[in-house]
Amino acid sequence: MISNPLFDLLDLRLIQRIARAGSLSAAGAALGLTPAAASRRLAVLERRLGLPLFARTTRRLRPTAEGEAFLPHVERILAATAEAEAALPGGTGALSGTLRFTAPATFGRKVLAPMLSGLLAAHPGLRLDLLLTDTLLDLVATGRDAAVRIRPTPRMLSNSNEALREACLAGLGIGLHSTWDVGEHLRRGELVALPPTLGVPEQLGIWLVFPGGIAAPARIRVLTEHLVQAFGPIPPWER
């Protein structure tokens with residue numbers, strides 16, 4: 001029996017996050033650690049191993065040669081752990097930890113947030129950290145597990161969908177909006193739908209994305225399944 005292992009799963013997750021983000025503070029934040037706690041944990045691990053895993057510069061942490069050799073094993077262990085947890089009887093009902101994801105502000109507030117109560121009810125040990133922003137974030141650098149994104153159209157772009165909608169309601173021009181956003185205004189006659197012209201698509205895809213390179217954690221798979229069921233073949237705003 002190993003009474004004093006060199007590292008535990010949190011150590012491995014920290015190594016994985018640092019390698020992906022290049023930032024100790026971002027890696028620590030993704031795991032619920034303060035920068036000081038993450039730094040201490042990495043220092044203790046490197047001291048136990050007797051070698052540096054990351055080279056420190058003024059702006060980023062980069063894996064050393066030893067770190068590069070160690071990383072594939074870290075990824076395999078974490079992927080195997082996730083698969084083992086998912087294979088346990090009732091495992092998907094015993095999820096724990098924090099799922100950090102992001103979504104467009106208006107879509108997240110009006111459509112996504114009401115859907116998540118069922119997910120939390122089904123998994124009492126799961127916590128959600130939902131960041132609503134119209135900024136296209138780097139998931140790795142910001143420590144986000146996943147993002148809901150709506151494929152943009154090149155004909156009308158803005159970092160505030162709500163501002164564009166309000167401008168249309170004020171009669172300031174024509175805008176391209178999704179029915180989930182303006183359906184109530186169409187029903188009340190405050191806006192009028194125009195036929196698509198000049199190649200403007202009638203539908204925009206809604207995607208759930210997450211960093212590649214490793215097996216999706218169980219909490220991401222559960223979120224995916226929940227959203228697919230919640231949206232269904234006919235989205236809720238068209239029912």
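The values are calculated or read from the model by the stated rules, or taken from the named source; none is laboratory data. Bear in mind that the values here come from a model prediction, so they are computed numbers and not experimental data. Quick reminder, even Gly has a Cβ in these numbers, built from the backbone with ideal geometry, and neighbours come from all protein chains shown.
Numbers at a glance
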quantity	calculated
Some residue of segment 63-70 being within 20 Å of LEU99 (Cβ to Cβ), surrounded by 11 or more Cβ atoms within 10 Å (Cβ to Cβ) and among the polar types (S, T, N, Q)	no
Residue count, segment 28-85 (criterion: under 30 Å from VAL222 (Cα atoms), part of a loop (DSSP other than H, G, I, E, B), of a type in the set (A, V, I, L, M) and touching a strand residue (DSSP E or B) at 6+ places or on another chain (Cβ under 8 Å))	0
Condition met for GLY93 (of a type outside the set (Ser, Thr, Tyr), at pLDDT below 85, farther than 15 Å from GLN16 by Cβ and surrounded by fewer than 16 Cβ atoms within 10 Å (Cβ to Cβ))	yes
